[in-house]
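Q: Dropping the structure in here first, questions after.
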């Protein structure tokens with residue numbers, strides 16, 4: 001048993017060392033751009049994992065989650081630029097605003113029966129929000145977006161991305177830890193039961209809509225955190241953050257990485273971000289690679305890459321014991 | 001913004017044209033859902049394929065008179081053949097899977113078809129020349145309307161009548177309607193449901209390809225065409241009622257007009273009205289305007 | 001006191017009355033069965049009683065309070081549990097989690113966001129698993145169980161909701177004679193050892209007559225006879241329904 005525990009701790013130590021050393025190594029060995037990419041992965045990983053509360057745990061395919069990411073992003077930007085809030089406060093307010101949006105949109109959406117209708121409704125809400133932000137120039141600056149958002153010096157990205165990397169990492173780790181606790185909690189178990197069989201859940205006394213709404217709101221909250229992280233990374237924001245292709249991306253990350261493994265979506269995020277950034281230098285036909293991979297996943301291994309890895313790991317562990 | 005009659009008339013006719021194209025798309029989508037219970041997210045790609053094929057065919061036949069008309073006949077057939085292949089090799093494997101995975105598969109298919117299109121035709125914008133016969137203008141109510149508008153209306157009307165005839169007056173149509181209501185029964189009666197599905201999907205993609213050919217002379221053909229139209233087609237299908245072809249027509253007419261007049265109010269983002277209407281319908285009457293209230297969309 | 005009372009329940013589908021003017025009263029601690037040929041309306045009646053379907057006419061009372069039109073989850077929380085003809089369990093959860101999730105919910109801890117669920121309600125879950133005979137299979141995914149085991153799992157889930165009234169829709173459907181006997185034994189034990197009232201529908205006559213204290217016979221959506229097993233056995237109308245004239 002103690003042998004296992006040492007093994008357990010050594011994995012954590014290795015992971016911690018890698019995460020801490022990574023930005024320095026990347027900056028020295030290659031360039032700043034790679035540190036920027038690492039931060040992008042962190043932001044999308046957080047977004048994808050909060051989305052998985054709704055998709056993987058709740059079984060709801062929302063096609064409008066970019067709305068919450070975008071509300072978080074815009075709220076942070078607007079509070080600083082228009083209301084002169086200090087950055088920490090704006091950063092804390094953003095996910096709250098996103099959660100409110102989640103509550104409102106979720107209220108109407110979770111009672112919808114039918115995967116397709118749910119998807120189109122959430123898509124419609126998100127696109128409406130996108131159009132409103134685009135047209136309401138006096139409030140949101142429309143398609144000019146907001147630029148030059150001031151960020152405190154310690155984490156400012158002006159000279160180096162390393163400071164912001166650690167900020168984003170810290171925030172993301174806290175959020176992911178909270179999501180992990182929620183996943184293992186009774187609430188997480190209820191969500192899984194709900195996904196498996198909503199009718200049976202009703203007949204053990206569960207008000208299914210309420211549970212879905214709570215999951216939706218929590219997911220919106222953490223998506224808002226991801227959005228705020230994005231805003232301060234780019235020091236700018238534009239209506240594109242709300243466009244439905246972002247909602248599509250985060251769904252694909254979940255599918256690619258695996259919806260039933262906790263860190264699956266994070267893995268999916270890493271794959272997609274790296275794919276988007278690098279594959280264009282090898283081939284202009286990256287869409288077909290992505291498409292074929294996804295089709296294979298749906299047909300052959302719906303557990304996703306993460307699910308496959310988890311399966312290999314547990315068979316490997318099983319064999320070692322034997 | 002003066003609401004003088006000629007502007008309204010122009011918008012109305014242009015709205016009707018848009019409606020006809022949307023009807024061609026939506027009828028295919030709704031047919032596939034009604035009979036096969038599958039949402040084909042990639043339907044827009046077949047539309048795009050139809051347009052690109054129209055380009056290639058008219059290019060190859062540029063010295064032959066009537067190249068466009070030949071394309072009008074051949075392109076949708078080729079598209080439906082591609083559709084048949086997709087059904088046989090891909091869709092068949094997902095009929096028994098949960099709806100979530102079905103939607104994900106057809107969404108992934110979009111990427112594949114987009115790149116295949118890119119491989120064959122490249123990224124440049126393509127154009128199809130208007131057939132000379134349809135190139136002129138027709139004066140109506142003080143304004144010059146493109147003859148082509150009336151061609152689009154004519155095609156839409158012809159297809160609507162043909163679909164009506166097929167569904168209501170032929171044995172095959174009866175089979176389709178029966179399969180939509182009671183698939184297991186049709187199967188038990190010995191009909192080849194698998195073959196039926198292939199034919200239905202080919203019909204739907206034929207309609208999509210036709211829409212692509214018809215619209216080709218009026219737009220710049222690009223790789224983004226498919227994505228642009230599929231969302232609108234979804235909204236039409238939901239407004240009209242999933243699984244109901246006449247709902248697709250009604251939904252298309254409403255959508256076309258809503259967009260045409262919406263432009264007068266908020267220019268580039270008339271889509272907002274469409275999204276709002278779709279949202280209201282999903283929340284308050286998910287079966288759509290003409291759908292039955294016991295239908296499920298997932 | 002009648003724990004469950006239905007008055008003039010009527011439900012039609014597209015002009016055809018599936019349930020018509022059904023009135024019944026289930027006394028506490030009874031084992032009450034509803035029988036009738038296929039299509040007699042038994043399952044529809046269950047759906048009306050448990051709130052799964054709204055009735056066109058009529059009223060339902062549970063423990064003296066009116067529950068007509070109440071949402072099903074609320075009725076369940078009042079103490080009515082039900083099983084389904086097509087077994088309804090949580091296929092991707094393990095056998096253990098199927099019961100555990102229900103127990104945790106029943107204890108009011110469903111909205112707990114931070115405690116580890118794995119360590120909760122273990123004793124209660126194990127005792128229920130033992131009662132339905134599924135303790136050894138606790139770690140299997142529920143979806144791979146045999147049909148008989150699935151029914152027992154569902155029974156376990158329903159028991160975990162701590163019901164006062166158990167509605168069982170064809171509890172031995174698809175079971176072999178051995179499994180049937182075991183299930184009937186279990187139901188009898190539950191009824192005797194706890195104060196749970198049991199209301200069930202069945203096709204198998206020997207099952208019905210062996211344990212019921214009261215039987216109601218339905219045909220074409222109507223109640224055609226109701227009474228003790230002896231009375232039902234002697235009833236001429238019932239004989240005609242099941243065995244034809246004479």
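Q: When the residues of the stretch A:204-249 are filtered to those that are in contact (Cβ under 8 Å) with a residue 24 or more places away in the chain and not in a helix (DSSP H, G or I), which remaining residue is nearest to the other protein chains (Cβ to nearest Cβ)?
A: A:243
Each row is one residue, and each column tells you yes or no for (1) within 20 Å of the chain's Cα centre (by Cα); (2) within 23 Å of residue A:214 (Cα to Cα).
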position: A:80; (1), (2): no, no
position: A:84; (1), (2): no, no
position: A:89; (1), (2): no, no
position: A:92; (1), (2): yes, yes
position: A:115; (1), (2): no, yes
position: A:125; (1), (2): yes, yes
position: A:131; (1), (2): no, no
position: A:148; (1), (2): no, no
position: A:161; (1), (2): no, no
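Q: Let me ask something else about it. I need the full set of residues from the stretch A:277-290 which are surrounded by fewer than 15 Cβ atoms within 10 Å (Cβ to Cβ) and within 13 Å of chain B (Cβ to nearest Cβ), in order please.
A: First, pick out the residues of the stretch A:277-290 that are surrounded by fewer than 15 Cβ atoms within 10 Å (Cβ to Cβ): A:278, A:280-284.
Of everything in the stretch A:277-290, those that are surrounded by fewer than 15 Cβ atoms within 10 Å (Cβ to Cβ) and within 13 Å of chain B (Cβ to nearest Cβ) turn out to be A:280, A:283, A:284.
Q: Can I ask one more? Here is a list: C:81, C:58. Which entry is in contact with a strand residue (DSSP E or B) (Cβ under 6 Å, 6 or more places away or on another chain), in contact (Cβ under 8 Å) with a residue 24 or more places away in the chain, surrounded by 23 or more Cβ atoms within 10 Å (Cβ to Cβ) and assigned to a strand (DSSP E or B)?
A: Numbers: C:58 fails: surrounded by 23 or more Cβ atoms within 10 Å (Cβ to Cβ).
The conditions single out C:81.
Q: Sticking with this structure for a sec: Quick check on my filter: what residues within the stretch C:93-102 are buried (at least 24 other Cβ atoms within 10 Å of the Cβ) and more than 7 Å from chain A (Cβ to nearest Cβ)?
A: Pass one, the stretch C:93-102, residues buried (at least 24 other Cβ atoms within 10 Å of the Cβ): C:95, C:98-102.
C:95, C:98, C:99, C:100 - these are the residues of the stretch C:93-102 that are buried (at least 24 other Cβ atoms within 10 Å of the Cβ) and more than 7 Å from chain A (Cβ to nearest Cβ).
Q: Return yes when residue C:18 is over 24 Å from residue C:108 (Cα atoms), touching a residue at least 60 places away in the same chain (Cβ under 8 Å) and part of a loop (DSSP other than H, G, I, E, B) and no when it is not. Write out each step before concluding.
A: Details: over 24 Å from residue C:108 (Cα atoms): yes; touching a residue at least 60 places away in the same chain (Cβ under 8 Å): yes; part of a loop (DSSP other than H, G, I, E, B): no.
Spelling it out, it is not the case that residue C:18 is over 24 Å from residue C:108 (Cα atoms), touching a residue at least 60 places away in the same chain (Cβ under 8 Å) and part of a loop (DSSP other than H, G, I, E, B).
Q: Residues that are more than 9 Å from chain A (Cβ to nearest Cβ), surrounded by fewer than 20 Cβ atoms within 10 Å (Cβ to Cβ) and at pLDDT below 85: does the stretch B:269-283 have at least one?
A: Yes; the residues of the stretch B:269-283 include at least one that is more than 9 Å from chain A (Cβ to nearest Cβ), surrounded by fewer than 20 Cβ atoms within 10 Å (Cβ to Cβ) and at pLDDT below 85.
Q: Starting from residues that are without any contact (Cβ under 8 Å) to a residue 60 or more places away in the chain and part of a helix (DSSP H, G or I), keep the ones in the stretch A:250-266 and report whichever is nearest to the other protein chains (Cβ to nearest Cβ).
A: A:255
Q: On the given criteria, is residue A:201 assigned to a helix (DSSP H, G or I), more than 14 Å from chain B (Cβ to nearest Cβ) and crowded, with 24+ Cβ neighbours inside 10 Å?
A: yes
Q: Assess whether residue B:243 counts as being buried (at least 24 other Cβ atoms within 10 Å of the Cβ) and on the phi > 0 side of the Ramachandran plot.
A: Working: buried (at least 24 other Cβ atoms within 10 Å of the Cβ): yes; on the phi > 0 side of the Ramachandran plot: yes.
Answer is yes for this residue.
Q: Shifting gears a bit: On the basis of being buried (at least 23 other Cβ atoms within 10 Å of the Cβ), within 11 Å of another protein chain (Cβ to nearest Cβ) and under 30 Å from residue B:78 (Cβ atoms), does residue B:234 make the cut? Give the derivation first.
A: Working: buried (at least 23 other Cβ atoms within 10 Å of the Cβ): yes; within 11 Å of another protein chain (Cβ to nearest Cβ): yes; under 30 Å from residue B:78 (Cβ atoms): yes.
So residue B:234 fits the description; yes.
Q: Based on what the data block shows, is residue C:114 closer than 21 Å to residue A:202 by Cβ and either buried (at least 22 other Cβ atoms within 10 Å of the Cβ) or facing another protein chain (nearest Cβ under 10 Å) (or both)?
A: Working: closer than 21 Å to residue A:202 by Cβ: no; either buried (at least 22 other Cβ atoms within 10 Å of the Cβ) or facing another protein chain (nearest Cβ under 10 Å) (or both): yes.
No.
The values are calculated or read from the model by the stated rules, or taken from the named source; none is laboratory data. As the structure is a computational prediction, the values presented were derived from the model and not from experiment. Ideal geometry is used to build each Cβ from the backbone, glycine not excepted, and the neighbour counts take in all protein chains shown.
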